[in-house]
1. Considering each residue of segment B:59-71, count those that are under 21 Å from residue B:10 (Cβ atoms) and exposed (fewer than 13 other Cβ atoms within 10 Å of the Cβ), and give that number.
2. Could you please find all residues in segment A:6-47 being part of a loop (DSSP other than H, G, I, E, B) and within 20 Å of residue A:93 (Cα to Cα)?
3. So, of the residues in segment B:82-107 that are modelled with pLDDT under 85 and more than 7 Å from chain A (Cβ to nearest Cβ), which turns out to be surrounded by the most Cβ atoms within 10 Å (Cβ to Cβ)?
4. Restricted to segment A:56-76, and to residues that are over 20 Å from residue B:101 (Cβ atoms) and of a type outside the set (Asp, Glu), which residue is nearest to the chain's Cα centre (by Cα)?
5. So which pairs qualify, if the first residue must be in segment A:6-32 and closer than 30 Å to residue B:20 by Cβ, the second must be hydroxyl-bearing (Ser, Thr, Tyr) and in a helix (DSSP H, G or I), the Cβ gap must be under 8 Å, and the two must be at least 6 apart or on different chains?
6. Could you please find all residues in segment B:59-81 being within 14 Å of residue B:22 (Cβ to Cβ) and at pLDDT 85 or above?
Amino acid sequence: MVETADTIKLSHFYSHSPEEVWKALSDEKAISKWFIQADFQPLVGYVYTFTHETTTITGEVLVANPPERLSYTWIVSGTAVSTVVTWDLQEKDGGTELTITHSGIEKYGDSAINMFNSFKQGWGHCISELETYLQ
Amino acid sequence: MLETQKEDTVFKAIADPIRRGIIHHVTAASGPLTINDIAGQFGVSRQAVTRHINVLDDAGLIQSEWEGRERRCRPDLQGLKVVADWVSTYQAFWKGKLKSLEQHLDGAGSES
């Protein structure tokens, strides 16, 4: 089925407490280990910077409600429009159900092209490495 | 290069909310839709719909053909795939990251 979905929503279960998952999502040292090189503080209004090679992502922390919800705007270098990334943590069976929602993609319009290209160049190989690993 | 130009046109075409609505509507329909069908659905003029259809047609997101005096529109699945690919790029990215997080958490657990 072909979709032109405006929102990406993915969930994954972790056999770790919401507090542990929260730390991985909000502590800049932890973020830099598993996700992306980060200058980040889980404080509302904090303007963070994520860096991957030549691609920079900046944004503002919108919600920091430990250990339940972390939300920030997501602006890729070379583009002017902001999307929103939200992490929701829910305690479940002694672990954590984590849901990521990436919304507002439809707002990109023209800058979607820049976004697409920078994403493809900067992170494309990162994604393919992960995919290869997962197979 | 051609690939990039194609993406350029496609993303310009879907930048407009009414055009995104038209794509959804045409894709969900059981058969080809006329300009009147679409205009009725969105409460806009035939002229406005025609302009949107022309943009979508140029971008290769919709195919249209004339049957007598009626122009019939259907989705162009190949064009729409470019959009789906873009979304799936994000999906693959986040999926990969969710897996990386798991490895990180498992590693952190065994260290302590």
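The values are calculated or read from the model by the stated rules, or taken from the named source; none is laboratory data. Worth saying up front: this structure is predicted, and the values here are computed from it rather than measured. Every residue, glycine among them, receives a Cβ derived from its backbone with ideal geometry; neighbour counts consider all protein chains shown.
1. Residues that pass the stated criteria total 1.
2. A:15, A:16, A:17 - these are the residues of segment A:6-47 that are part of a loop (DSSP other than H, G, I, E, B) and within 20 Å of residue A:93 (Cα to Cα).
3. Filtering first and then ranking leaves B:82.
4. Once the filter is applied, the top-ranked residue is A:73.
5. Partner pairs satisfying both residue conditions: A:8/B:90.
6. B:59, B:61, B:62, B:63, B:64, B:71, B:72, B:73, B:74, B:75, B:76
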